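Following: one structure in structure tokens, then a few remarks.
The values are calculated or read from the model by the stated rules, or taken from the named source; none is laboratory data. On a predicted model such as this, the values are computed, not experimentally measured, just so you know. Every residue, glycine among them, receives a Cβ derived from its backbone with ideal geometry; neighbour counts consider all protein chains shown.
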């Protein structure tokens with residue numbers, strides 16, 4: 001099963017992602033699905049352009065999604 005090419009989901013938005021709403025919408029987790037076959041036609045105005053969120057930094061470490069790590073003493 002493949003994601004539709006119109007899918008722009010992001011299960012891990014960056015902590016500052018709410019600001020993206022005002023400047024074009026939330027960023028996608030990745031855009032590798034945009035070349036998949038279109039099985040169901042998009043409705044209304046179609047899908048927005050796919051823009052990748054990219055990594056974000058927390059506690060000195062950059063990542064695309066949050067990782068659990070042991071807390072210090």
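Each residue in the stretch 34-56 was checked for being in contact with a helix residue (DSSP H, G or I) (Cβ under 9 Å, 6 or more places away or on another chain) and not in a loop (DSSP other than H, G, I, E, B), and 1 pass. Within the stretch 34-57, residues that are free of Cβ contacts under 8 Å to residues at least 40 places away in the same chain reach partners that are loosely packed, with under 10 Cβ neighbours inside 10 Å with beta carbons closer than 9 Å, at six or more positions or on different chains, in the pairs 55/62. Restricting the stretch 9-21 to residues that are out of contact with any helix residue (DSSP H, G or I) (no Cβ under 9 Å at 6 or more places or on another chain) and closer than 19 Å to residue 47 by Cβ leaves a set whose member that is surrounded by the fewest Cβ atoms within 10 Å (Cβ to Cβ) is 11.
Being in contact with a strand residue (DSSP E or B) (Cβ under 7 Å, 6 or more places away or on another chain) and within 15 Å of residue 4 (Cβ to Cβ) is the filter here; which residues of the stretch 14-73 pass it? The answer is 28, 30, 31, 50.
Taking the stretch 5-33 as the range and being touching a residue at least 24 places away in the same chain (Cβ under 8 Å), more than 30 Å from residue 71 (Cβ to Cβ), under 10 Å from the mean Cα position of the chain (by Cα) and assigned to a loop (DSSP other than H, G, I, E, B) as the test, the residues that pass are 7, 8. Restricting the stretch 43-60 to residues that are at pLDDT 85 or above and either farther than 18 Å from residue 15 by Cβ or more than 14 Å from the chain's Cα centre (by Cα) (or both) leaves a set whose member that is surrounded by the fewest Cβ atoms within 10 Å (Cβ to Cβ) is 60.
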